[in-house]
Amino acid sequence: MITRVCQAAAGGTSLVRDGRISPDGKRAYNAHSMDDRESSKPAGDAAGDAPEASHPVPRVGSLAAYEPVDHTADLAYLVRGRTFEELFTHAALGMFFFLTDPGRIVPRERRALRVTGRDREECLITFLQELLFWEETQEFLLARVEVSCAGPTEVIAEVWGERFDRARHEIQTDIKAATYHDLEFRRLADAEGDVLEVRIVLDI
């Protein structure tokens with residue numbers, strides 16, 4: 001059984017839950033390639049155009065910090081980072097990149113997040129599930145995250161974001177859950193040093 005502790009920094013209140021989160025509820029899904037998302041025009045260029053992403057994808061050396069990969073049914077993406085802290089940071093940012101346009105999310109609210117697990121794989125999935133739980137139940141959209149600890153049994157992070165605003169935000173992908181399917185940490189060789197990589201499959 002997993003125990004997660006989430007604390008809202010502003011109010012000082014905490015929320016403790018046991019077990020894994022499985023958010024439900026369905027929204028429309030629009031698939032976009034990474035190139036489409038980075039080069040899209042701002043909303044309002046044409047009547048009826050759906051908002052597109054305008055947020056640049058960070059780099060880890062010569063590689064994208066996160067990018068989609070082919071999957072038969074669900075949404076899968078590769079995540080990279082120099083450290084586990086950076087890897088977990090990019091995993092969260094990548095997930096919200098596919099969920100909505102992060103370039104339109106303002107970091108108005110700061111929250112502290114701590115999750116625990118039996119191993120690093122469980123910590124990563126629980127971390128992502130907690131962010132999805134906030135999005136599903138509180139309409140909290142992630143704008144920024146700083147992971148200070150991504151150990152084998154604990155993740156500690158601060159996140160910034162804001163509540164969903166129908167006038168500015170659009171949910172482009174309905175993400176139900178982060179899964180353990182094909183989840184494996186790997187090390188890659190890069191011109192600037194080793195890079196950690198993990199493949200994450202999201203249930204949509």
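Throughout, read-outs are computed from the coordinates displayed, never taken from laboratory work. This is a predicted model, so every value here is computed, not measured. Positions of Cβ are backbone-derived with ideal geometry, glycine not excepted, and every protein chain shown enters the neighbour counts.
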Check your understanding: Based on the Kirkwood radius over alpha-carbon pairs, what is the Stokes-Einstein translational diffusion coefficient of segment 58-203 at 25 °C with 0.890 mPa s viscosity, in µm²/s?
Key -> 160 µm²/s
Revision key, fill the gap. Note to self: C-alpha centroids of segment 149-167 and segment 60-84 sit apart, in Å, by 19 Å
Practice item. Report the extension gain between Leu63 and Glu146 in nm, rounded to one decimal, defined as 0.36 nm multiplied by the number of residues separating them, less their alpha carbon distance. Key: 27.9 nm
Point to revise | Residues Val201, Val69 arranged by fewest to most Cβ contacts within 10 Å | key: Val69, Val201
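Please order Trp160, Trp134 by the number of other Cβ within 10 Å, starting at the fewest.
In order of increasing Cβ crowding within 10 Å: Trp160, Trp134.
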**Study point:** Qualifying GluC sites (Glu not before Pro) in segment 121-161, DSSP loop, other Cβ atoms within 10 Å at most 15
**Key:** Glu139
